[in-house]
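Here the structure is laid out as structure tokens; the discussion comes afterwards.
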Amino acid sequence: EDQVTQSPEALRLQEGESSSLNCSYTVSGLRGLFWYRQDPGKGPEFLFTLYSAGEEKEKERLKATLTKKESFLHITAPKPEDSATYLCALSGTASKLTFGTGTRLQVTL
Amino acid sequence: DAEITQSPRHKITETGRQVTLACHQTWNHNNMFWYRQDLGHGLRLIHYSYGVQDTNKGEVSDGYSVSRSNTEDLPLTLESAASSQTSVYFCASSERIEEDEQFFGPGTRLTVL
């Protein structure tokens, strides 16, 4: 059974304080590892897809990396507008997305 | 611009009533999905469809049904609403199945009293 575990559950950073969010997973055959951002009261918004270990993708202050067991979402010099819940999901042999419970990020001034 | 919409955005109903949540997408995607989101559980798949006349059960399908009569719409029906179905419901669509990102609607908050 595909499983996704995200940590920490919540993270509070000061503006400019870089950190990483973790997504550990077990899957029999990885087709894709997805990162989404979700703002309160809204649907998830797609950020990245990673397909194989060693792959990295960047978008503004965010960089996603992938190993055979984990994915990290690195946030460099975050701003208050980066505050959101970040969701990790994977697509495996079941051909459906399995989501983690998310990391709630708060960035303060 | 293409989009995915859900209606209503908020719904309060009583136990035992039938409820239908609408989902409409203009992406022309074949694949559509319904999820529910609850604290501590993340997003869980209820039903999904890979095209017109195709429907499949997800991990939490009991008490729910869907039908797909055209590409754009996938309505979700709660046959007899229960308090355990109080949740936020999201509809999503994608172009391909396994490897494509899914585009999500804004969600419907359903309360069953």
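Points worth noting:
- Residue identified as among the hydroxyl-bearing types (Ser, Thr, Tyr) and in contact with a Ser or Thr (Cβ under 7 Å, 6 or more places away or on another chain) among B:61, B:65: B:65
- Once the stretch A:79-99 is narrowed to residues that are crowded, with 22+ Cβ neighbours inside 10 Å and under 15 Å from residue A:8 (Cβ atoms), the residue that is farthest from the other protein chains (Cβ to nearest Cβ) is A:86.
- Residues in the stretch B:62-88 that are without any contact (Cβ under 8 Å) to a residue 12 or more places away in the chain and surrounded by 15 or more Cβ atoms within 10 Å (Cβ to Cβ): there are none.
- Evaluating residue A:21 against the criteria (1) surrounded by fewer than 20 Cβ atoms within 10 Å (Cβ to Cβ); (2) in contact (Cβ under 8 Å) with a residue 60 or more places away in the chain; (3) farther than 24 Å from residue B:4 by Cβ leaves one unmet condition, (1).
- Residues in the stretch B:89-113 that are modelled with pLDDT of 95 or more, in contact with a Gly (Cβ under 6 Å, 6 or more places away or on another chain) and surrounded by fewer than 19 Cβ atoms within 10 Å (Cβ to Cβ): 1 in all.
- Condition met for residue B:59 (surrounded by 14 or more Cβ atoms within 10 Å (Cβ to Cβ), of a type outside the set (Phe, Trp, Tyr), assigned to a loop (DSSP other than H, G, I, E, B) and modelled with pLDDT under 95): no
- Selection count, the stretch B:1-29, where residues are in a strand (DSSP E or B) and either farther than 15 Å from residue B:78 by Cα or of a type outside the set (Gly, Ala, Ser) (or both): 13
The values are calculated or read from the model by the stated rules, or taken from the named source; none is laboratory data. Computed from a predicted structure; not experimentally measured. A quick note on method: Cβ atoms are made from the backbone with ideal geometry, for glycine too, and the neighbour counts reach across all protein chains shown.
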